[in-house]
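See structure below.
Computed from the coordinates by the stated procedures, all read-outs in this text should not be read as laboratory data. Worth saying up front: this structure is predicted, and the values here are computed from it rather than measured. For neighbour counting, all protein chains shown are included, and Cβ atoms are generated from backbone atoms with ideal geometry for every residue, glycine included.
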Ligand code: COI
């Protein structure tokens with residue numbers, strides 16, 4: 001039984017820290033990696049050889065089954081530093097639950113809470129110096145799980161690696177995004193894997209996104225696979241609209257990722273007594289709201305981007321321009337409140353912050 005295992009993590013510290021080379025004032029997203037990484041192997045139904053090692057390359061067989069058939073999933077989360085220099089994670093247990101939802105769908109082993117949390121705590125403590133303290137910056141944490149069998153028959157792998165790497169970074173989008181409604185390509189379909197963070201969900205988005213970028217947009221807004229009538233997600237984010245003072249977001253289901261930022265935004269909106277609707281929202285409804293002058297806001301939510309305001313929505317050759325970001329009451333307020341909670345500047349009423357030692 002995997003749950004009966006105890007997890008001891010061996011630590012090998014780097015003798016050559018790269019921290020002094022890091023310029024905290026010029027952080028971009030996802031390019032620099034902290035000194036250490038976590039790695040654990042799954043074999044014969046057990047997680048074994050859990051280690052924290054200096055960050056570095058892996059060697060693997062060219063027949064590695066994840067490379068061929070995509071048994072590979074990931075999570076995204078962030079660590080923040082407050083003004084006292086204390087480090088906290090934002091809702092990490094939600095990521096632990098979600099990686100196991102993805103794992104089940106992809107026929108992969110689950111990661112016990114103790115292993116996930118011990119690995120995180122020890123790794124982030126060791127690389128605490130890499131957590132930025134400037135507003136808008138954080139240490140992005142990337143837990144991931146992939147198959148390691150050396151076998152090219154199609155079946156679930158018997159062996160896996162669970163790893164965590166971390167990367168200090170700034171804003172994912174530096175400006176409001178221009179998005180194109182996609183009515184040709186599909187991100188997710190009922191019965192599929194759209195609710196998981198499997199690598200394939202991201203790989204499949206690259207080509208349609210490239211086509212949209214060639215037309216001057218940064219991202220696409222995905223529509224439902226059946227009729228391309230309802231809006232589902234935008235790029236790698238959940239999607240939200242404020243229409244006539246109501247916060248509307250697509251309801252969760254097979255085709256929508258249960259975003260942790262999505263849930264946090266909805267919770268804050270309800271705290272503030274704002275009307276929230278989790279339901280289908282059609283292209284027609286959004287365009288009609290724009291025509292009536294009541295499409296006040298549109299934005300994406302995600303761990304990497306937090307709140308990404310949408311400046312323009314393109315559809316059938318026409319651009320629908322939204323109000324200036326400075327006029328948007330809700331997205332500015334919620335972005336500020338989330339930042340304040342993460343940086344310990346306001347009370348954490350929902351116990352979202354998880355202190356690391
Ligand atoms: C995240 O927000 O953590 C994501 O999954 C986006 C990532 C693919 C950059």
> Within segment 295-316, what residues put their amide N at less than 20 Å from the label point 7 Å along the Cα-to-Cβ vector of residue 325?
Replying inline: 295-314
> When only alpha-carbon atoms count, how far does segment 177-342 stretch along each of its three principal axes, as whole angstroms with the largest first?
Replying inline: 37, 33, 24
> Per residue and in cubic angstrom, what volume does the convex hull of the Cα atoms of segment 222-296 have?
Replying inline: 82 Å³
> So how much slack lies between residue 202 and residue 125, counting 0.36 nm per residue of separation and subtracting their Cα-Cα distance, in nm?
Replying inline: 24.7 nm
> Over the alpha carbons of segment 160-248, what is the largest minus smallest coordinate on each principal axis, giving the biggest first in Å?
Replying inline: 44, 34, 32
>> Order 12-25, 87-100 from most to least packed using the mean count of other Cβ atoms within 10 Å.
In response: 87-100, 12-25
> Which distance in nm do the two modelled labels at residue 49 and residue 258 give, with both placed 7 Å along the Cα-to-Cβ direction?
Replying inline: 3.3 nm
> Hey, rough spin-label estimate for residue 273 and residue 245, points 7 angstrom out along Cα→Cβ, what's it come to in nanometres?
Replying inline: 1.1 nm
>> Quick check: residue separation of residue 333 and residue 114 times 0.36 nm, minus the Cα distance between them. What number comes out in nm?
In response: 75.3 nm
>> Run the helix sum for the chain: -39,500 (n - 2.57) per DSSP H stretch of 4+ residues, divided by residue count, reported at 222 nm to the nearest 500 deg cm²/dmol.
In response: -7000 deg cm²/dmol
> At q = 0.09 Å⁻¹, what log₁₀ I(q)/I(0) does a Debye calculation on the Cα points of the chain give, no solvent, two decimals?
Replying inline: -0.52
> Rounded to the nearest 0.05, what FRET efficiency do residue 93 and residue 349 have when you use their Cβ-Cβ distance and R0 = 22 Å?
Replying inline: 0.85
>> Starting from 0.36 nm per residue, how many nanometres of slack lie between residue 32 and residue 12 once their C-alpha separation is accounted for?
In response: 5.2 nm
> Semi-axes, largest first, in whole Å: what does sqrt of 5 times each Cα gyration tensor eigenvalue give for segment 69-187?
Replying inline: 29, 23, 12
> Tell me, what is a quarter of the convex hull surface for the C-alpha atoms of segment 8-150, in nm² with one decimal?
Replying inline: 9.5 nm²
